[in-house]
1. Using the Cα atoms as the points, what is the convex hull volume per residue of the range 1-103 in Å³?
2. Report D for the range 61-171 in µm² per second (integer): Stokes-Einstein, Kirkwood Rh on Cα pairs, 37 °C, 0.692 mPa s.
3. Under the definition of Cα pairs under 8 Å and six or more residues apart, what whole-number percent is the relative contact order of the range 54-374?
4. Restricting to the chain, compute how many DSSP beta bridges are antiparallel as a %, nearest 5.
5. Mind pulling the angle between the C-alpha long axis of helix 243-254 and the longest principal axis of the chain? Nearest 10 degrees, somewhere in 0 to 90.
6. Report, in cubic angstrom per residue, the convex hull volume of the C-alpha atoms of the range 330-461.
7. Helix 75-84 versus the longest principal axis of the chain: what is the Cα-based angle in degrees, 0 to 90, to the nearest 10?
8. Kirkwood Rh, Cα Rg: Rg to Rh for the range 338-414?
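We did not get these values from a lab; they are worked out from the coordinates using the rules stated. A quick note: this is a predicted structure, and the numbers were derived from the prediction, not measured. Glycine gets a Cβ as well: all are built from the backbone with ideal geometry, and neighbour counts include every protein chain shown.
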Ligand SMILES: [Zn+2]
């Protein structure tokens with residue numbers, strides 16, 4: 001089965017160029033001068049369109065347990081929504097419970113996701129219990145293609161790791177070539193601020209942000225970087241939200257340390273003003289780290305240009321407003337933390353191109369190419385090139401759309417971007433050569449997505 005995508009502009013991280021793309025089976029057979037190939041079983045006309053490598057969302061939480069409830073997208077619904085938005089690979093998180101084995105946790109997540117994903121998927125491992133057994137098991141995880149381990153300086157009593165535990169895990173990461181991913185917020189101090197706020201009767205959603213000030217993200221980021229420097233482990237700061245944290249990452253990178261960071265669309269497009277919306281509406285925007293004052297956004301865009309922020313992922317972790325977010329009425333600390341977004345990452349970042357914040361090729365780099373290289377998937381993913389998986393997006397850069405819960409495909413009852421008008425839209429999506437989205441309809445299949453066994457990070461010295 002050969003598919004020819006004809007007449008488009010291929011956009012790789014190296015820049016745009018006019019080319020036809022020939023797909024044979026599940027892989028790209030050729031990227032050739034326009035008109036060179038004429039023979040194919042199916043032809044997709046991409047005139048006036050971009051042809052992009054499928055997006056890679058390196059941070060999602062499908063059906064994740066949190067505070068007695070579970071994120072509302074399953075692997076089936078969440079990966080279908082991802083495909084609608086031009087994302088053809090997700091890396092989700094297997095979550096070690098206290099006392100559980102890492103390998104049993106990994107098996108459990110394979111069971112949850114296996115046979116259900118519409119696009120390809122992989123896992124990071126959340127380490128919440130550092131002990132001799134789990135440190136040893138990190139080696140087996142690396143051998144099984146799961147070589148990135150997320151730890152938390154936030155959430156005392158749940159995922160929180162002490163500096164000593166982080167140091168031990170980083171030492172093991174250094175030995176195995178694995179990456180430590182860090183949720184960098186000072187959870188011990190935050191818990192005190194939360195307790196004070198509640199005692200004072202400050203219970204509205206906006207206090208979720210006010211009790212997690214950017215100084216405590218900056219401090220934790222700096223501390224994580226110091227621990228990484230001491231152990232020699234590479235470090236990836238997840239969902240960086242503030243200039244305070246960005247300053248710490250920039251300084252580390254300038255000193256030559258293997259430190260990387262991602263941000264998320266919600267930190268680029270939303271702000272603490274959204275959390276202050278009346279009638280508990282602000283709960284829709286509760287995530288951690290929290291949304292910041294809008295002036296942080298300019299620094300984050302700058303970080304994306306300078307590569308101090310090298311990836312944009314979503315931290316997609318949806319909870320419905322009805323019945324889930326509402327658990328926190330009268331007590332913001334009980335609002336499930338997380339926001340929906342897996343469907344809109346590519347489109348939102350395209351607004352950065354439209355506004356002149358980033359170049360066309362940088363858009364592809366931060367949303368597909370760098371995540372592929374960062375997490376050992378390149379060149380199988382993240383590039384339009386012969387031999388790569390035929391994960392392709394035909395993108396119409398001039399179409400317009402309005403985001404809404406009424407039209408999105410994520411299994412959640414609100415949109416964080418309700419009513420936002422966007423320029424550009426995904427038109428056709430292929431996952432390993434199969435059309436999953438075309439002509440405004442979903443043609444994918446639950447279970448088409450395969451688990452991706454990942455190599456080590458490609459950015460390490
Ligand atoms: Zn997350």
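1. Taking the convex hull of the Cα positions in the range 1-103, it is 148 Å³ per residue.
2. 224
3. Computed over the range 54-374, the figure is 19 percent.
4. Here the share of antiparallel DSSP bridges comes out near 50 percent.
5. Taking the Cα atoms of the chain, the angle to 243-254 is about 70 degrees.
6. Dividing the Cα hull volume of the range 330-461 by its residue count gives 185 Å³.
7. Helix 75-84 sits at roughly 50 degrees to that axis.
8. My calculation puts Rg/Rh at 1.00.
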